[in-house]
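Data first, discussion second: the structure below is written as structure tokens.
The values are calculated or read from the model by the stated rules, or taken from the named source; none is laboratory data. Model, not experiment: these values are computed from the prediction. Cβ placement follows ideal geometry from the backbone for every residue including glycine, while neighbour counts extend to all protein chains displayed. Just so you know, the surface numbers come from the protein's heavy atoms only, side chains and all, with ligands and any DNA or RNA stripped out. Shrake-Rupley method; radii C 1.70, N 1.55, O 1.52, S 1.80 Å.
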Amino acid sequence: MSRIRTIGIREQAAWMRSRYPAFRCEVHGGLLVCRGELQPGPVYATYKALIEYRVGRWPKVFVPGDQLKPLEPGGKIPHTYGPDQPCLFYPNRQSWRSDMKLADKIVPWLSLWLAFYEMWRATGEWYGGGITHGDAMEIEPAA
């Protein structure tokens, strides 16, 4: 079995800056924090996004504030870990590995999730696939 080459925090930040210059990325004590805006396509809204990543853990992605809204007051948004945390992947080693670039995986996955979110808001149907999970499933560190 071949070993994977872990991409370091500063290299992840450099890839993000290179591919998404509108994102602002900072490293604080081993934690990469990137903030920026995403528009899934020309007919979609623009969303503020926050990505947090620490090597050895799964990335956490947020669409902060009240940008994401349920269909009904008090309702739930499909495929989220909370009201502002989209579920982009199934937390296992095959979905996300430390040799993957946030810029190549997480940002495109978030953009696609936002497109499915807007379709859900328009139709009431979630077309993005995925698995059902609990209300506040916590993403645990990779073992």
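Descriptive notes on the structure:
- Calculated [222 nm] ellipticity per residue, helices only, for the chain: -6500 deg cm²/dmol; basis is -39500 (n - 2.57) per DSSP H run with n ≥ 4, divided by all residues, nearest 500.
- Unpaired Cys in the chain, meaning no second Cys C-beta under 4.7 Å: C87.
- Label-to-label distance for K105 and R3 is 1.9 nm, based on points extended 7 Å past Cα in the beta-carbon direction.
- Residues with amide H under 5 Å from that of Y81, placed H, sequence gap 5 or more: C87
- Degrees, to the nearest 10: 106-123 long Cα axis against longest axis of the chain: 0
- Residue range of the chain that is longest and free of trypsin sites (Lys or Arg not before Pro) which are both DSSP loop and sparsely packed (at most 12 other C-beta within 10 Å): 6-75
- Å² of accessible area per residue within the chain, as computed with a 1.4 Å probe and no ligands counted: 58
- Percent of Cα pairs exceeding the 19 Å cut-off, where the set is the chain: 52
- Lysine-lysine proximity count for the chain, Cα under 17 Å, sequence distance 8 or more or distinct chains: 4
- I131 paired with E37, simple spin-label distance in nm, labels 7 Å along Cα-to-beta-carbon: 3.6
- Segment 61-124 - Rg and Dmax from Cα coordinates, angstrom: 12.8, 40
- Cα→Cβ-extended label distance, 7 Å offset, between R24 and K76, nm: 3.5
- Potential lengthening between T123 and D84 on full extension [0.36 nm per residue; Cα-Cα distance subtracted]: 12.0 nm
- Comparing P40, P59, P21 in a Gaussian network model of the chain, where Cα atoms under 10 Å apart are tied by springs, the biggest mean-square fluctuation is seen for P21.
- Shape of segment 32-94, Cα gyration tensor, a/c cut at 1.5: oblate
- Annotation: extensible slack from V55 through L112 equals 18.1 nm (criterion: 0.36 nm per residue apart, minus Cα-Cα distance).
- Computed from backbone phi with θ = phi - 60° and the Karplus coefficients 6.51, -1.76 and 1.60, the 3J(HN,Hα) list for segment 64-80 is x, x, 9, 5, 9, 10, x, 5, 10, x, x, x, 10, 9, x, 6, 10 Hz; x is used for glycine and proline.
- A simple count of charges around D104, restricted to other residues whose Cβ falls under 13 Å of its Cβ and scoring Lys, Arg +1 and Asp, Glu -1, yields +2.
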